[in-house]
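Okay, so here's the structure we're looking at.
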Ligand SMILES: [Zn+2]
Ligand SMILES: [Zn+2]
């Protein structure tokens, strides 16, 4: 198969196993580039901070995949973690996939998000507490990182409790030990599941074609407010339509969602 028929993916973290559906939706073959260290683009453990937005980071990986492979299509994946957007109390994960078409210089993206089930950090002062942390997060299926990058006991590759024991004993002589879950996809099963979900959304999106130029990736890009209050007729901030846009020619259309909303959603009737 020629390079025009391949979708390149930079990964050392086993994401290919869950992203085959994206290539399939395009009728392409997935080509892995696993000899490039994606950690050099920024890591979760702050050894190298990431620059720019999550979209920029995913797009940079997708473009790099095209450049390194000579493929027309490249796929970039980037996750972010923080407090949930509702109450800011639970850890929240956002997985973004960006598909780059080097020929038309256009992108189609998809997002999956939800509670980040394995996003935890702890500072422990005893060996028992360190082992309890490992057990609670589901080690060894879920990986974890021992210490901080500049500490001599720093270890991202522990696979057995014996390794934790040894590192912890060393670290605890100097004070508390920092532990955190490994957010790299191959060491974080719940994150991998969310990347798979983003892959399904992207594959679905690639099946939809632009009504004007027929490019793939005709997709919702936002909401249009202005649904009318069913009591007073005021145009509320609630969405009345979805905005769909072509990733290639930028053609846009509106898809109506609802004409009216209950007065409870109205800023005038229910301020
Ligand atoms: Zn179009
Ligand atoms: Zn009203």
- prompt: Could you give the angle, 0 to 90 degrees to the nearest 10, between helix 54-69's Cα long axis and the longest principal axis of the Cα atoms of the chain?
  reply: 80 degrees
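Please give the contour-minus-distance gain from residue 36 to residue 264: 0.36 nm per residue of separation, less the Cα-Cα distance, rounded to one decimal in nm.
Details: separation 228, 0.36 × 228 = 82.08 nm, distance 5.38 nm.
Here the answer is 76.7 nm.
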task: Would you mind estimating how fast region 121-181 diffuses translationally, via Stokes-Einstein at 25 °C and 0.890 mPa s with the Kirkwood radius over Cα pairs, in µm²/s?
output: 222 µm²/s
- prompt: Along the principal axes of its C-alpha atoms, what lengths does the chain span, in descending order and rounded to whole Å?
  reply: 68, 58, 27
task: Report the antiparallel proportion of the DSSP beta bridges in the chain as a percent, rounded to a multiple of 5.
output: 80 percent
Pair-distance profile P(r), taking every C-alpha pair of region 134-247, with 10 angstrom steps and integer %: 12, 23, 16, 15, 17, 13, 3
Gap separating the Cα centres of region 109-134 and region 181-202, nearest whole Å: 15 Å
task: With the cut-off at 14 Å, report for region 220-265 the share of all Cα pairs above it, as a whole percent.
output: 49 percent
- prompt: Where is the GNM fluctuation largest for the chain (alpha-carbon springs, 10 angstrom cutoff): 97, 59, 172?
  reply: 172
message: I'd like the distance between the alpha-carbon centres of region 240-271 and region 83-99, rounded to an integer number of Å.
response: 23 Å
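Could you work out the helix-only [θ] at 222 nm for the chain, with each DSSP H run of four or more residues adding -39,500 (n - 2.57) and the total divided by the number of residues, to the nearest 500 deg cm²/dmol? Walk me through the numbers before you get to the answer.
Working: 5 runs with 69 residues, N = 271.
Only helices count here, giving -8000 deg cm²/dmol.
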query: In degrees from 0 to 90, rounded to the nearest 10, what is the angle of the helix 189-207 Cα long axis to the longest principal axis of the chain?
result: 20 degrees
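On full extension of the chain, what length is gained from residue 87 through residue 242, given 0.36 nm per residue of separation minus the C-alpha to C-alpha distance? Show your work: numbers first, answer last.
On the way: separation 155, 0.36 × 155 = 55.80 nm, distance 2.60 nm.
Stretched out fully, the residue 87 to residue 242 stretch lengthens by 53.2 nm.
Hey, fewest Cβ within 10 Å first, where do 84, 150 land in order?
Values: 84 15, 150 8.
Fewest-to-most ranking of 84, 150: 150, 84.
Using a 10 Å cut-off around each Cβ, can you sort 181, 104, 260 from fewest to most neighbouring Cβ atoms? It would help to have the intermediate numbers written out before the result.
Details: 181 28, 104 13, 260 16.
The order, fewest Cβ neighbours first, is 104, 260, 181.
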statement: Rounded to the nearest 10, the angle in degrees between the Cα long axis of helix 161-172 and the longest principal axis of the Cα atoms of the chain comes to 80 degrees
Cβ-based exposure ranking for 61, 255, in which fewest neighbours within 10 Å come first: 255, 61
- line: Distribution output for region 53-204: share of Cα-Cα pairs per 5 Å bin in percent, first bin at 0, values 2, 10, 16, 16, 15, 13, 11, 9, 5, 3, 1, 0
Residue with peak Gaussian network fluctuation, the chain [Cα springs, cutoff 10 Å], from 132, 215, 60: 132
field: GNM result for the chain, Cα springs below 10 Å: residue of 231, 249, 71 fluctuating most strongly
entry: 231
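Values quoted throughout were computed directly from the atomic coordinates according to the rules given, and no laboratory measurement underlies them. Note that the structure is a prediction, hence the values are computed from the model and not measured. In this analysis, Cβ positions are derived from the backbone assuming ideal geometry, glycine residues included, and neighbour counts consider all displayed protein chains.
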